Each structure stands twice: as C-alpha cells, then as structure tokens.
Amino acid sequence: MVTTLDDTKRLAIAERLADLRALQAFILSNDQKLIEACPYQDVRERLQNMLADDQKNIDIIDTVIVQYGIQSEPSAATKVVIPQFEQMMSGNELTFYQKLMHHELMKHNQVMSGIVIHKAAQKVGADIELAIGPLNTVNFEGRAHQEQLKGLLEQVGVREMTGQDADQGLWARVQDAIAAFSGVAGSVVTQNTDKQDMNIQTLIRLDHEKVNTIFTEIGATKDPQKLQEYFGQLYKDLLVHAQAEEEVVYPKVRPFYGNDDTQELYDEQAEMKRVLDEIKAMNPADADAFRSRIKDLMDAVGDHIRQEESTMFSAIDRNCSTEQKEQLATEFKTAKSRIQQELAASLR
C-alpha cells in the first residue's frame with residue numbers, strides 16, 4: 001500500500017510558502033506604520049501605493065497556498081525574526097530612514113523567498129509550478145518595490161542629514177526604470193485591483209489544471225517513489241476539491257443547474273473517492289498495475305471535469321452576477337483551506 005501521502009520536498013516548499021505569507025503580513029503591517037510615521041508627503045504617497053500592492057499580494061499568496069494544497073506553519077527562524085523586527089519598528093530608537101532601511105531588507109527577504117520557491121518548484125514537479133504560478137506577480141512587484149525603496153532611502157537619508165533633497169542623478173533614474181519594468185511585467189498576471197477575488201470558474205479550473213498535470217506526471221514515470229509522491233498530492237487535492245465543491249458550490253448551483261445534473265456530480269465524486277482509497281491500498285512498486293488503475297481514475301475525473309467546465313460553468317454564468325461568482329470563489333477558497341488542515345490532521 002502507499003506508505004505515506006507526504007513528500008519531504010513538498011513539505012519544505014509548504015513551509016517556505018508559510019514563511020512568505022508571514023513576511024508579507026509583516027510588510028503590510030509595517031507599510032501602515034511607516035505611512036503614519038512618515039514626515040514627507042511625497043514619500044508617504046509612494047508608500048501608500050506600495051500598501052495597495054501589498055494588500056492585493058497577500059490575497060494572491062493565500063490563493064497560492066490553497067492551490068498548492070499543503071498547509072504549514074512558518075519556520076522557527078521566521079517566528080523569531082518577525083517579532084524582533086516588529087518590536088524594533090514600533091520603538092523610537094530608530095530614525096525614519098533607519099526604519100525604511102530595515103523595511104527594504106524585509107522586502108528583499110520576501111523577494112528572495114519567492115524566487116527560491118519558484119526555482120525549487122521547477123525541480124520538484126510541474127503541478128507545483130502550475131499551482132504557484134500567480135506567485136510570479138508577487139515576485140515581480142516585490143522586486144519593483146525594492147528599487148522604489150532604494151530611491152526613497154536616498155531621498156530620506158539626504159533630507160535627514162542636510163534638510164535638502166538629493167539630486168536626481170543616473171542611479172535614481174536606473175532605479176525608476178527597473179521599478180517600472182518590474183511593475184509592468186508583474187501586472188501581466190496581476191488580478192484586476194477592482195476585483196474582490198477570482199471568479200469561481202477560474203478557481204475550479206486552476207484545480208482541474210493542477211490535477212491534469214499530476215496525471216501527466218504519473219504517466220511519465222515508473223519510479224515507485226515518484227509514483228507515491230505524485231499520488232499523495234493527487235489524493236489530497238482531489239479529496240479537498242471534492243469536499244469543498246460539495247459544501248460550497250453544488251448547493252448553490254442546484255436550484256438553477258437542476259437536481260439530476262447536480263446529483264450526478266455528487267455521485268461521480270463519491271465514486272472517485274472510492275477509487276482513490278482503492279489505489280491508496282495498492283503497492284506503488286507494482287508500477288504497471290498502479291498506473292493502470294490511475295488511468296481509470298483519470299478517465300473518470302476527465303468526464304467529471306468536462307461536465308463542470310461546460311454545462312455547470314455556463315449555468316453559473318447565466319444565473320450569477322460577477323459579485324456572486326467572486327463571493328463563491330472566496331467561500332470555496334476558505335473551505336479548501338479548512339479542509340486541507342483537517343485532512344492533514346486526520347492523516348497524521
């Protein structure tokens with residue numbers, strides 16, 4: 001039988017994602033403190049723009065963590081470092097320039113964490129790369145913020161020492177150019193800031209794409225260890241997705257999608273759960289039999305996906321407003337996060 005549904009590399013990435021989320025929450029809180037303490041109107045306005053980006057980016061990180069599918073606590077080091085920075089930034093021992101300098105340092109830590117997660121994902125699995133795709137937005141915008149903060153440090157540092165503005169030389173123009181490019185590149189995949197969340201179809205489709213990618217990864221290997229790793233992620237992703245749909249989505253769509261069609265979706269997922277447990281009891285070392293049964297599962301899941309993405313999605317479009325679809329996505333994401341934690345606890 002499958003001996004474990006966890007993989008150490010995936011757990012390590014989950015912890016780094018939790019670190020990234022903790023860093024983003026600290027940066028967001030510190031944005032607000034710096035704005036309140038800032039003695040310069042022009043600097044305050046630029047910090048307020050960063051605050052707006054950071055508020056959006058923490059939502060993107062939350063979405064990435066849910067799509068990744070493994071919940072984790074921040075590392076012990078992060079739990080120590082962030083309170084130390086919070087205490088330092090809340091006190092009166094540092095000048096505004098010094099606080100801004102430490103803020104840029106934390107932004108650098110955040111950017112490097114995001115880049116390392118992206119690079120690690122490339123080594124671990126294509127499904128992980130897909131799940132963390134939106135993180136590129138946070139990485140790009142964080143990089144742009146770094147350059148903007150360097151320019152602000154230059155201005156604030158000279159003002160504190162001389163009471164005058166620094167000359168806008170070549171270095172400042174280079175910083176602005178890098179910041180502008182990073183911001184444009186990031187905005188290519190940024191959610192519209194007017195939106196509260198992705199719509200429910202987009203969120204469900206992201207799950208479908210990740211599952212299809214795992215099926216492809218399983219089909220490409222006969223390595224029992226890799227088969228166990230991929231199946232462990234597939235097992236958890238499908239169970240969480242199914243339960244969240246059954247709690248949040250199907251009850252909402254039943255009135256306009258119809259009792260028979262909605263019940264068919266419930267029945268298909270009940271059969272999917274049965275097959276998942278059957279495969280879980282198999283030995284991945286018998287790679288051909290293991291992959292053959294997963295092929296049966298893939299065919300059944302494919303039929304289910306096609307029904308949802310065609311008729312159910314169309315019914316949602318016809319009967320739900322944009323706001324309702326975004327609210328449904330938020331509820332679906334919240335349910336998935338809770339179910340992931342419950343599943344992890346039950347598998348320990």
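The values are calculated or read from the model by the stated rules, or taken from the named source; none is laboratory data. Keep in mind it's a predicted model, so treat the numbers as computed, not measured. Reconstructed Cβ throughout: ideal geometry from the backbone, glycine too, with neighbour counts over all protein chains shown. Just so you know, the surface numbers come from the protein's heavy atoms only, side chains and all, with ligands and any DNA or RNA stripped out. Shrake-Rupley method; radii C 1.70, N 1.55, O 1.52, S 1.80 Å.
Here is how the numbers come out for the structure above:
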quantity: Accessible-area order (highest first, 1.4 angstrom probe) of the listed residues 318, 254, 10; calculated: 318, 254, 10
quantity: Whole-angstrom gap from segment 1-39 to segment 83-139, using each part's C-alpha centre; calculated: 8
quantity: Length added when fully stretched, residue 287-residue 300, from 0.36 nm per residue minus Cα-Cα; calculated: 2.7 nm
quantity: Per residue accessible area in Å² of the chain, where ligands, DNA and RNA are left out and the probe is 1.4 Å; calculated: 47
quantity: Matching label, Cα Rg over 2.2 N^0.38 Å computed from the structure shown, candidates [x] 1.92; [y] 0.98; [z] 1.15; calculated: [z]
quantity: Residue 309-residue 266 pseudo-label distance in nm [points 7 Å out on the Cα-to-Cβ vector]; calculated: 2.6
quantity: Leading residue at positive end of dipole, the chain (Cβ point charges), from 76, 117, 18; calculated: 76
quantity: Order of exposure, largest accessible area first, which applies to 38, 320 with probe 1.4 Å; calculated: 320, 38
quantity: Simple Cβ-charge dipole of the chain, Lys/Arg +1 and Asp/Glu -1, about Cα centre, in debye nearest 20; calculated: 740
quantity: Estimated distance in nm for a label pair at residue 90 and residue 256, the labels positioned 7 Å out from Cα along Cα-to-Cβ; calculated: 4.7
quantity: The chain - percent of accessible surface contributed by carbon and sulfur, probe 1.4 Å; calculated: 52
